[in-house]
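A.B. asks: Following this message is one structure expressed as structure tokens.
The values are calculated or read from the model by the stated rules, or taken from the named source; none is laboratory data. Owing to the predicted nature of the structure, the values given are computational and were not obtained by experimental measurement. Here the Cβ is made from the backbone with ideal geometry for all residues, glycine too, and neighbour counts use every protein chain on show.
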Amino acid sequence: MLGVIGKLSLVCALPMLMGATDAPPRMKILTCKDASGQTLITDPADPRCYKPPPTEDQRVADEERRRRAKEAYLACKAEQRSDQSLVSRYPTQAKHDAARQQALDGVAAAMRGSEARIGKLSEDRKHLLEETEFYPNGKLPPKLRRDLDTNGALLEAQMQAAAKQAEDAAQINSFYDEELRKLKALWAPQSDRRGCVAPD
């Protein structure tokens, strides 16, 4: 059996054994110099560590870094607001598809009108050209020549208008395709989306 001294020794040793398995984290140590230039071995929070004031180049570089960080933050917040507005406007793809179709309907109506006018002008030109067959020597009456010139100018203008309308339709589709690509990313779960980092 343990004597009184042995028991006391065991009781005193237990905290030391338990503490050995739960040691506090080691303090970070660094080497720095104080204002007089003497070397100190201390922790990072020691106020005696002297930090010289930044040079002019360092100050300018720091201001530029802060400016860019602020601009990036403001741009990020603006993009977030734009994304929120977009999702509010189009909560589903069906809503977005309907908006695309509405935008295309106006162009489609204009294209149908241009096609009809091109068809009518082409038919008129066919009749005018048939009339020129009565003048094999090429000496057309002034009125017939004016009618041909006018018809040709109108036909060219309508064809240019139709080409512009087709270009408008392609641009509308391209715009809504890009918007849909962005919306699909916004509709997806947002667990991995990063927020805006505020400048220091």
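A.B. asks: In the stretch 90-122, what residues are among the charged types (D, E, K, R), touching a Phe, Trp or Tyr at 6+ places or on another chain (Cβ under 9 Å) and either farther than 21 Å from Q171 by Cβ or free of Cβ contacts under 8 Å to residues at least 60 places away in the same chain (or both)? Quick ask: steps written out before the conclusion?
C.D. replies: Going through the stretch 90-122, the residues among the charged types (D, E, K, R) turn out to be 95, 97, 100, 105, 112, 115, 117, 120.
From what's left, touching a Phe, Trp or Tyr at 6+ places or on another chain (Cβ under 9 Å): 97, 100.
Result: D97, single match.
A.B. asks: Based on this model, can you work out whether D83 counts as out of contact with any strand residue (DSSP E or B) (no Cβ under 7 Å at 6 or more places or on another chain), under 30 Å from E64 (Cβ atoms) and surrounded by 11 or more Cβ atoms within 10 Å (Cβ to Cβ)?
C.D. replies: Working: out of contact with any strand residue (DSSP E or B) (no Cβ under 7 Å at 6 or more places or on another chain): yes; under 30 Å from E64 (Cβ atoms): yes; surrounded by 11 or more Cβ atoms within 10 Å (Cβ to Cβ): yes.
Considered against the rule, which asks whether it is out of contact with any strand residue (DSSP E or B) (no Cβ under 7 Å at 6 or more places or on another chain), under 30 Å from E64 (Cβ atoms) and surrounded by 11 or more Cβ atoms within 10 Å (Cβ to Cβ), D83 comes out as yes.
A.B. asks: If you take the residues of the stretch 158-192 that are assigned to a helix (DSSP H, G or I) and among the polar types (S, T, N, Q), which of them is nearest to A108 (Cα to Cα)? Even if it seems obvious, please write down each step before you answer.
C.D. replies: Narrowing the stretch 158-192 to residues assigned to a helix (DSSP H, G or I): 158-187.
Cutting the leftovers down to among the polar types (S, T, N, Q) gives us 158, 160, 165, 171, 173-174.
Values: Q158: 15, Q160: 15, Q165: 8, Q171: 13, N173: 12, S174: 16 Å.
It comes out as Q165.
A.B. asks: Let me ask something else. Here are some residues: V197, V107. Which one is of a type in the set (V, I, T) and surrounded by 11 or more Cβ atoms within 10 Å (Cβ to Cβ)?
C.D. replies: Numbers: V197 fails: surrounded by 11 or more Cβ atoms within 10 Å (Cβ to Cβ).
That would be V107, the only listed residue that is of a type in the set (V, I, T) and surrounded by 11 or more Cβ atoms within 10 Å (Cβ to Cβ).
A.B. asks: Another question, if that's okay. Hey, N137 hits all of (1) in a helix (DSSP H, G or I); (2) surrounded by fewer than 13 Cβ atoms within 10 Å (Cβ to Cβ) but one; which does it fall short on?
C.D. replies: (1)
A.B. asks: A further question follows. Collect the residues in the stretch 85-98 that are assigned to a helix (DSSP H, G or I) and out of contact with any Leu (no Cβ under 9 Å at 6 or more places or on another chain), keeping them in residue-number order. First the steps, then the outcome.
C.D. replies: Kept after step one, since they are assigned to a helix (DSSP H, G or I), are these residues of the stretch 85-98: 85-89, 93-98.
Those that are assigned to a helix (DSSP H, G or I) and out of contact with any Leu (no Cβ under 9 Å at 6 or more places or on another chain): S85, S88, R89, A94, K95, A98.
A.B. asks: Kindly indicate whether Q93 is under 24 Å from the mean Cα position of the chain (by Cα) and of a type in the set (S, T, N, Q).
C.D. replies: Details: under 24 Å from the mean Cα position of the chain (by Cα): yes; of a type in the set (S, T, N, Q): yes.
It is true that Q93 is under 24 Å from the mean Cα position of the chain (by Cα) and of a type in the set (S, T, N, Q).
A.B. asks: Here is a follow-up. S88 is checked against (1) closer than 30 Å to A185 by Cβ; (2) of a type outside the set (V, I, T); (3) surrounded by 12 or more Cβ atoms within 10 Å (Cβ to Cβ) and fails just one. What number does that condition carry?
C.D. replies: Just one mismatch for S88, condition (3).
A.B. asks: Just for the stretch 25-40: of the residues that are touching a Leu at 6+ places or on another chain (Cβ under 8 Å) and part of a strand (DSSP E or B), which one is modelled with the lowest pLDDT? Give the derivation first.
C.D. replies: Quick first cut of the stretch 25-40, residues touching a Leu at 6+ places or on another chain (Cβ under 8 Å) only: 31-34.
Of the ones still in play, those that are also part of a strand (DSSP E or B) are 31-33.
On the way: T31: 81, C32: 81, K33: 78.
Ranking the candidates gives K33 first.
A.B. asks: Does the stretch 8-21 contain any residue that is among the β-branched types (V, I, T), assigned to a helix (DSSP H, G or I) and at pLDDT below 90? Lay out the reasoning, then the answer.
C.D. replies: Here is the first cut: in the stretch 8-21, the residues among the β-branched types (V, I, T) are 11, 21.
Remaining after also requiring assigned to a helix (DSSP H, G or I): 11.
Now narrow it down to the ones that are at pLDDT below 90: 11.
The answer is yes, given that some residue of the stretch 8-21 is among the β-branched types (V, I, T), assigned to a helix (DSSP H, G or I) and at pLDDT below 90.
A.B. asks: With without any contact (Cβ under 8 Å) to a residue 40 or more places away in the chain, out of contact with any Asp or Glu (no Cβ under 6 Å at 6 or more places or on another chain) and surrounded by 14 or more Cβ atoms within 10 Å (Cβ to Cβ) as the only criterion, which of R181, R125, R146 stands out? Let's see the steps before the verdict.
C.D. replies: Working: R181 fails: surrounded by 14 or more Cβ atoms within 10 Å (Cβ to Cβ); R146 fails: surrounded by 14 or more Cβ atoms within 10 Å (Cβ to Cβ).
Selected residue: R125, the only one of R181, R125, R146 that is without any contact (Cβ under 8 Å) to a residue 40 or more places away in the chain, out of contact with any Asp or Glu (no Cβ under 6 Å at 6 or more places or on another chain) and surrounded by 14 or more Cβ atoms within 10 Å (Cβ to Cβ).
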